[in-house]
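Worksheet: one structure, shown below.
Every number here is computed from the coordinates shown, using simple stated rules; none is lab data. Every value quoted in this text rests on a predicted model; they were computed, and no experiment measured them. Positions of Cβ are generated from backbone atoms using ideal geometry, with glycine treated the same way; all protein chains shown enter the neighbour counts.
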Amino acid sequence: AFTTLTTLLLLICSNGLINAERVVCSYSSSAVKRPGEYSFQLSDIPLSLCTHVVYDHFDIDYYTYEFLAKDLEFDVWDNGLQKFADLKRNKTDLKLLISIRSPILLRVAGEAIARKTFIANVLSYVEWMKVDGVELFWSGSDEEVLYSLIEELRSSFVAAGHPSTEVNILAQIDQPVVDHARLCRLADYVHLLVTGERRPIYRGNSLTPTVNTTLDVGEHKNVSFERALDHYIEASCPAEKIVLTTLLIAQTYTLGNVENRDPPKELSTFCTLTKGMAFCVYMDMCQKFNESGWTFGWDDAEGLAPHARQGNVWVSYENEASVGRKGEIARSKQLAGVYVLSLELDDYRGKCGSGLFPLIKAISRSFRGTANDEAATHSN
């Protein structure tokens, strides 16, 4: 099954551009090995767009609880982590964060010795790489364990002379939470991922597959993601603590037989850059959309979830309009920012005809409220 894991903009007032905007871009070294011109290098990171860059990601060794870099060859042997830290030389006000995503994170946090080892590891990397914060991916339960980990991490940063180092939480927006107020009080920012599985299925007697884009949050069932955001805010999580997070992948499926109501199958051979994985990057998809036979539609009425179909191939993806709409919602609710995962999933070679990084630019412009200003400027 498809599982998911986008950036911080600090919004102080509801109108106009603000003093301390934060646009955080997630970077993964996994795309370095893409062939030819598609190899994504650290030098490709658009520092003019990003005020924060998140390194995606560290894992945790199951036995030793030591940190594991995502790509040993690039990150360690080729000195990639140091090169990442050196990005600040090109932009002195750039902020860097490291993301820690591991299925055993809370198990480690729940054991005293393992937790001590883990926190010492985090602190050592924070100091060595001189990063400005950490992001912890939270899934599952063990809410109390998570809160204890946040508190102890922060205490270790303060004791080591790094009181401003952030501790942020990344979670699915429908992640069950008991105490929203406490979560948002302890964490510097809560990165709420609004991208979930968008699998097409045949419902009832319909000959056309549809995708369910609603969510269950708390006592609210089948609500839109905008209503899910409201739930967080109403549960005493301040809007200025919430960062809207979007995953830019295009989910690819092969539709089943309509007469048999067969379920779809994940399609892992459709795109060149992600062969072997059941998703495509936007740069691959926009070029495929130039082929004949595609029909386009939306899975919702809010303009947040576009899809495309060619024969028995179904693609649930993001485009400039959908991410722009998400940015508008984040702005209207005065959220702390927007966050896109990840740079190498956008069009970083300008193949789609809208310049470099069109999705990141679209969500950033709409959140800042500058899209209309730019349109007016170009029309004069």
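Counting lysine pairs in the range 226-380 whose alpha carbons fall under 29 angstrom apart, excluding pairs fewer than 8 residues apart on the same chain, gives 18. Coupling constants for the range 94-107 follow from the phi torsions by the Karplus curve (6.51 cos²θ - 1.76 cosθ + 1.60, θ = phi - 60°), and in residue order they are 5, 10, 10, 10, 10, 9, 10, 10, 8, x, 9, 4, 6, 5 Hz; glycine and proline get x. Overall, the anisotropy analysis places the range 16-106 in the oblate class: the square-rooted eigenvalues a ≥ b ≥ c of its C-alpha gyration tensor yield a/c not less than 1.5, with a/b not exceeding b/c. With no solvent and one point per C-alpha, what does the Debye sum give as log10 I(q)/I(0) for the chain at q = 0.06, 0.08, 0.09 Å⁻¹? Summing over Cα pairs of the chain leads to -0.23, -0.41, -0.52.
Peptide packing: for 113-121, 290-298, 310-318, 341-349, the average count of neighbouring Cβ atoms within 10 Å per residue gives the ranking 341-349, 310-318, 113-121, 290-298, highest mean first. With the simple spin-label model, which puts each label point 7 Å out from Cα in the Cβ direction, the S48 to M277 separation comes to 2.8 nm.
In the range 132-185, Cα pairs under 8 Å separated by at least six residues give a relative contact order of 52 percent. Each Cα pair under 8 Å and six or more residues apart adds its sequence gap; the mean of these over the residue count of the range 46-171 is a relative contact order of 25 percent.
Averaging the Cα positions of each part gives two centres, and for the range 97-167 and the range 23-80 these lie 19 Å apart. The range 158-315 gives an Rg/Rh value of 1.07, both radii derived from C-alpha positions and Rh following Kirkwood.
The modelled label-to-label distance between K33 and Q334, using points 7 Å beyond Cα along the C-beta direction, is 4.7 nm.
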